[in-house]
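The values are calculated or read from the model by the stated rules, or taken from the named source; none is laboratory data. Given the structure is predicted, the values throughout are model-derived calculations rather than measurements. Cβ placement follows ideal geometry from the backbone for every residue including glycine, while neighbour counts extend to all protein chains displayed. Surface accessibility is based on the protein's heavy atoms, side chains included, excluding ligands, DNA and RNA. Shrake-Rupley method; radii C 1.70, N 1.55, O 1.52, S 1.80 Å.
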Amino acid sequence: MNAGATTPEHAVVTGGAGFLGSWLCERLLDLGWRVSCLDNLVTGSRSNVAHLLANPRFDYRGADVTRELPVDDAQVDVVYHLASLASPVHYQRLPVETLLVGSSGTLNALELARRTGARLVLSSTSEVYGDPLEHPQTETYWGNVNPVGERSMYDEAKRFSEALTMAFRRSSGVDTAIVRIFNTYGPRMAVDDGRMIPMFISQALRGLPLTVTGDGSQTRSLCFVSDTIDGLVAMAGATEPGPVNIGNPAETTVSEVAASIVARTGSDSMIEYVDGRPDDPQRRCPDIRRARKALGWEPRVSWEEGLDATLRWFADRLQREPLASGSRLAPGVAGTPGS
Ligand code: NAD
């Protein structure tokens, strides 16, 4: 961090027009930073950052970070590498792109950090634990990942990103930080994102059945976006290399999540159980003792509060952009993925 600097601190955010990236850009601007947002919009949207474009401290550039990170400014304090396909719907549609953004994209982000002396914050994922055999998951657990399974392009891309990040740290002295993000939800998730919360909410608001894969007893731990962003910001300002779990340890079953969304929306939707998916994690819950100790971080937003804010956003979005029939959100098509 650039303590005592005369020019504001400068962050490069890859994937900055996505769900988490756009909230991160906004938060950093609120804190007085300059922000360079790089995104190829493969799943992100300019509308996520449209309200930031007039800010002179914000620079948006269309860029595929597997090719380069076009940043003119010699002063870079933090490189946040968030670019990735992040939903199973997208990473299974674009498996090679997913592996490339985890490998070449991470390499380019690390090279930028090395050139500029910036701290690199890598957004990794709870998926590095695969279908975990330890519960809750601590950062010292190495995971149970199928390297040739249907989710392997994402899980292994993130595991490779972590290994590459540690290689740069050990061999080149780059200041690095790894954050393992657990399921995060909130406004600005794309309606057709395919992950559990946007899918259930869109189905409930449209009066469609909520499609739960398997018997619904698999668990997830859901963190509201502002809490996750607090964790990402804290990680940039810390010396902790990680990995650090950032997630909400309140564990709930997928069936409970679906029922809660039906109740909160007042929807007539039924819950429909469809075949389970290969390698779908059965249990997911972060141990956040390291985040508490190293970052003084813990989630603050309750499920009810976070869900209501998310529902308001989706209701507004669906009113303005009703989904076409045959959308990916049609019942039975999407699963109950983690991220
Ligand atoms: P998202 O899809 O909304 O955002 C990802 C962004 O990366 C998109 O804007 C996309 O266009 C961009 N992108 C992808 N490939 C790119 C490339 N080659 N060049 C430039 N931009 C590219 O997803 P998100 O939920 O905001 O996820 C952000 C990060 O957090 C990802 O790295 C994801 O793996 C990680 N993560 C998210 C969650 C979650 O629950 N949201 C959980 C664990 C990890």
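Numbers for the structure displayed
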item	result
Members of the stretch 30-51 found to be in contact with a helix residue (DSSP H, G or I) (Cβ under 8 Å, 6 or more places away or on another chain) and within 14 Å of the ligand (Cβ to nearest atom), listed by number	CYS37, ASP39, VAL42, THR43, GLY44, ASN48, VAL49
Selected residue (criterion: most open to solvent (accessible area, probe 1.4 Å)) from residues of the stretch 57-68 that are more than 9 Å from the ligand (Cβ to nearest atom) and touching a residue at least 40 places away in the same chain (Cβ under 8 Å)	GLU68
Number of the condition not met by ALA54 [criteria: (1) out of contact with any Ser or Thr (no Cβ under 9 Å at 6 or more places or on another chain); (2) within 14 Å of the ligand (Cβ to nearest atom)]	(2)
Leading residue by the ranking (farthest from the ligand (Cβ to nearest atom)) among those in the stretch 89-111 that are part of a helix (DSSP H, G or I) and aliphatic (A, V, I, L, M)	LEU110
Subset of the stretch 146-186 (residues that are aromatic (Phe, Trp, Tyr) and out of contact with any Leu (no Cβ under 9 Å at 6 or more places or on another chain))	none
Qualifying position, being out of contact with any helix residue (DSSP H, G or I) (no Cβ under 6 Å at 6 or more places or on another chain), part of a helix (DSSP H, G or I) and open to solvent by 40 Å² or more (accessible area, probe 1.4 Å), among ARG277, ARG283, ARG290	ARG290
Checking LEU53 against (1) among the hydrophobic types (A, V, I, L, M, F, W, C); (2) within 20 Å of the chain's Cα centre (by Cα); (3) modelled with pLDDT of 95 or more; (4) farther than 20 Å from ILE178 by Cα, the condition it does not meet	(2)
Failed item, numbered, when ALA83 is tested on (1) assigned to a helix (DSSP H, G or I); (2) within 16 Å of the ligand (Cβ to nearest atom)	(1)
Tabulated pairs, the stretch 167-196, first more than 22 Å from LEU232 (Cβ to Cβ), second within 12 Å of the ligand (Cβ to nearest atom) and open to solvent by less than 20 Å² (accessible area, probe 1.4 Å), C-beta under 6 angstrom, 6+ apart or interchain	GLY194/SER87
Selection count, the stretch 137-157, where residues are acidic (Asp, Glu) and open to solvent by less than 50 Å² (accessible area, probe 1.4 Å)	2
Residues located in the stretch 112-129, provided they are closer than 20 Å to THR252 by Cβ and touching a helix residue (DSSP H, G or I) at 6+ places or on another chain (Cβ under 7 Å)	THR125, GLU127
Count - residues of the stretch 189-210 that are crowded, with 23+ Cβ neighbours inside 10 Å, touching a helix residue (DSSP H, G or I) at 6+ places or on another chain (Cβ under 6 Å) and either at pLDDT below 90 or charged (D, E, K, R) (or both)	1
From LEU38, LEU31, residue being within 21 Å of LEU120 (Cβ to Cβ) and open to solvent by less than 60 Å² (accessible area, probe 1.4 Å)	LEU38
